[in-house]
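What follows is one structure encoded as structure tokens, with my remarks underneath.
Derivation of every value follows stated rules applied to the coordinates shown; laboratory data play no part. Since we're looking at a predicted model, the values are computed, not measured. Virtual Cβ from ideal backbone geometry, glycine too; neighbours counted across all protein chains shown.
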Amino acid sequence: MSSAPSGQVFRPRSALPVAVVLALGALAWAGSAVVDDGAAGLLRQLPAIVLATTAAAAVLVRPTVTVGPAGVALRGVLRDVDVPWAELAEVRTQYALTLVTRDGRRFAAWAAPAAGRFADARLTPREVAAMGLDPARELPTVSGSVETPSGAVADWVRRAWDRAPEDEPPGAASGGPGPGVRTRPARAVLAAVGIAAALWLARSVG
């Protein structure tokens with residue numbers, strides 16, 4: 001995972017190979033069902049093929065982090081979140097890249113996990129200085145290192161955030177929820193799950 005100009009999409013390096021493997025696996029599964037029992041065999045196996053492929057793709061391929069001029073967009077397993085710069089209050093990396101909004105909500109990025117708990121350790125002041133942080137403050141854990149997915153994306157988010165214009169978001173003065181933060185369900189994933197359920201129900205009734 002590497003940084004790039006504003007508007008760049010960050011995703012695990014394994015996402016593309018996994019997508020290819022899933023597609024080939026689904027085709028092989030479907031082909032095997034046809035060979036074993038023709039079209040009837042395919043119809044029986046289709047709900048499981050759709051559900052298994054969708055679940056694996058949602059977890060391993062779909063998640064991304066997009067850093068754009070207006071803010072950060074997180075695409076997760078079952079929902080998407082858009083956080084404008086004006087609503088962003090803090091960027092954390094303890095367990096994953098996590099965006100904290102002005103009203104205290106936290107949104108974690110599936111695409112940028114932190115280092116494993118057992119690998120967690122304190123960085124040296126030299127490493128902190130290299131990251132552009134203040135060594136006089138409490139040192140971050142290794143999850144904040146640019147060598148980890150969470151740290152690499154967090155570093156780019158902070159740099160883009162520093163360059164963003166400072167606008168006071170509606171509701172900030174009153175402490176109310178930031179209306180600029182948008183969340184929405186992953187419709188394609190939910191639709192695929194619904195199709196699998198409908199196919200399974202049709203097969204059971206038939």
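Counting other beta carbons within 10 Å of each Cβ, put 190, 201 in order, fewest first.
With the fewest neighbours first, 190, 201 line up as 201, 190.
How much length is gained if the chain between residue 32 and residue 94 is pulled fully straight, taking 0.36 nm per residue apart and subtracting their Cα-Cα distance, in nm to one decimal?
Roughly 17.9 nm would be gained on extension.
What nm distance separates the two modelled labels at residue 159 and residue 20, each placed 7 Å from Cα along Cα→Cβ?
2.9
List 10, 107 from most exposed to least, where exposure is judged by having the fewest other Cβ atoms within 10 Å.
By the 10 Å Cβ count, ascending, the order reads 107, 10.
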